Structure formats: C-alpha cells, structure tokens
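The structure under discussion appears below in the form of structure tokens.
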Amino acid sequence: MPYEGHSALLRDVAPALAGKILIDCVNPLGFDKQGAFPLAVPEGSAAQQAVACVPEARVVAAFHHVSAVLLEDLSQELDIDILVLSEDREAADEVIALAGLVPGMRGVFAGRLRNANQVESLTANLISINRRYKVHAGIRVTDLP
C-alpha cells in the first residue's frame, strides 16, 4: 500500500483490528529522478503511525525488505531475513514464526518500534541496489544461530 493512504486506511479499519496483530510493512518513500528516498513521518515511522491510528492493535513492523517479485513465486527457496520490531514481544514472536514458514526466510527480532524508521528507510537503499544490479536484494543478518 502506498504510504499516502496509510493513516486513512488504518483509521477506517481500526475497530476490526482491536486486539489483533497488525503487521505494518509500509515503507514511507518518495521517488524522483534520482531514485527512492525516505519520507519524514510525524509519528517517527509508519509503524508508530499505525500505533497512533489503531491503538488497540498489537502492532509489529516486519516484511519491509522482501521484493514483491520474490513473494509472487514461493516455489524457489528464499535467502532472506525479516527484521521484526514491536513493543509486544509475544506478537513479534508470532510474526517471527510466520516468517519461518516460508522456505529460506527467517524472522529476526530487531528491537522496539522506535527503531522502525531505520528499517523502513533502508528500503530506499535496497531499491537502488536492485535497480543498479537488476536483482531482488534483501537483508541477511550474519552470525546468528
């Protein structure tokens, strides 16, 4: 979903999300002739904006760095980590388990939502890498068991 519609959509569906895990994977990005760049979000990040719009949901920021092209065809094993951030560790653990259901995908707890801005913004760099090298690059965290 484009970032421009993020808060409006969340406010519309807020009652249905009360008590549920909301995985926010929105990357607030702008694009110009020089490429992708991160946009400032008043709340700090799209995930923190989700908390403000749907305070009764269990917000987890995750799946920011997975190319949609890769997700369209899961017949090939992926080699990617999913950075997972949340204030709700139990919800984060459920999303980590969900990521682990996809062959070659691993969920990694990456901290609290106050750090979600960096994760969301990194996608601008990945888009640049993907365009330059004509790939679908993602993130892999090294030295984890």
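Could you list, in sequence order, the residues of the range 58-79 that are in contact with a His (Cβ under 7 Å, 6 or more places away or on another chain) and either free of Cβ contacts under 8 Å to residues at least 40 places away in the same chain or surrounded by 15 or more Cβ atoms within 10 Å (Cβ to Cβ) (or both)? Within the range 58-79, Ser67, Leu70 qualify.
Would you confirm whether or not the range 38-57 contains a residue that is closer than 24 Å to Val141 by Cα, free of Cβ contacts under 8 Å to residues at least 60 places away in the same chain, among the aliphatic types (A, V, I, L, M) and in contact with a strand residue (DSSP E or B) (Cβ under 8 Å, 6 or more places away or on another chain)? Checking the range 38-57: not a single residue is closer than 24 Å to Val141 by Cα, free of Cβ contacts under 8 Å to residues at least 60 places away in the same chain, among the aliphatic types (A, V, I, L, M) and in contact with a strand residue (DSSP E or B) (Cβ under 8 Å, 6 or more places away or on another chain). Could you tell me whether any residue of the range 60-67 is of a type outside the set (A, V, I, L, M), under 23 Å from Asn125 (Cβ atoms), out of contact with any Asp or Glu (no Cβ under 6 Å at 6 or more places or on another chain) and not in a loop (DSSP other than H, G, I, E, B)? So far as the range 60-67 goes, no, none of its residues is of a type outside the set (A, V, I, L, M), under 23 Å from Asn125 (Cβ atoms), out of contact with any Asp or Glu (no Cβ under 6 Å at 6 or more places or on another chain) and not in a loop (DSSP other than H, G, I, E, B). Flag: Val41 matches the condition of being of a type in the set (Val, Ile, Thr), part of a loop (DSSP other than H, G, I, E, B) and on the phi < 0 side of the Ramachandran plot.
Let's see how each residue does on (1) within 20 Å of Arg112 (Cα to Cα); (2) out of contact with any Leu (no Cβ under 9 Å at 6 or more places or on another chain):
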{"position": "Gly19", "(1), (2)": "yes, yes"}
{"position": "Leu22", "(1), (2)": "yes, no"}
{"position": "Val26", "(1), (2)": "yes, yes"}
{"position": "Leu29", "(1), (2)": "no, no"}
{"position": "Val59", "(1), (2)": "yes, no"}
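If I filter the range 17-34 for residues that are among the small types (Gly, Ala, Ser), within 12 Å of the chain's Cα centre (by Cα) and not in a helix (DSSP H, G or I), do I get at least one hit? Looking for residues that are among the small types (Gly, Ala, Ser), within 12 Å of the chain's Cα centre (by Cα) and not in a helix (DSSP H, G or I), one finds none in the range 17-34, hence no. Answer with yes or no whether Arg132 is more than 15 Å from the chain's Cα centre (by Cα) and modelled with pLDDT of 95 or more. Against the criterion (more than 15 Å from the chain's Cα centre (by Cα) and modelled with pLDDT of 95 or more), Arg132 qualifies.
The values are calculated or read from the model by the stated rules, or taken from the named source; none is laboratory data. Computed from a predicted structure; not experimentally measured. Reconstructed Cβ throughout: ideal geometry from the backbone, glycine too, with neighbour counts over all protein chains shown.
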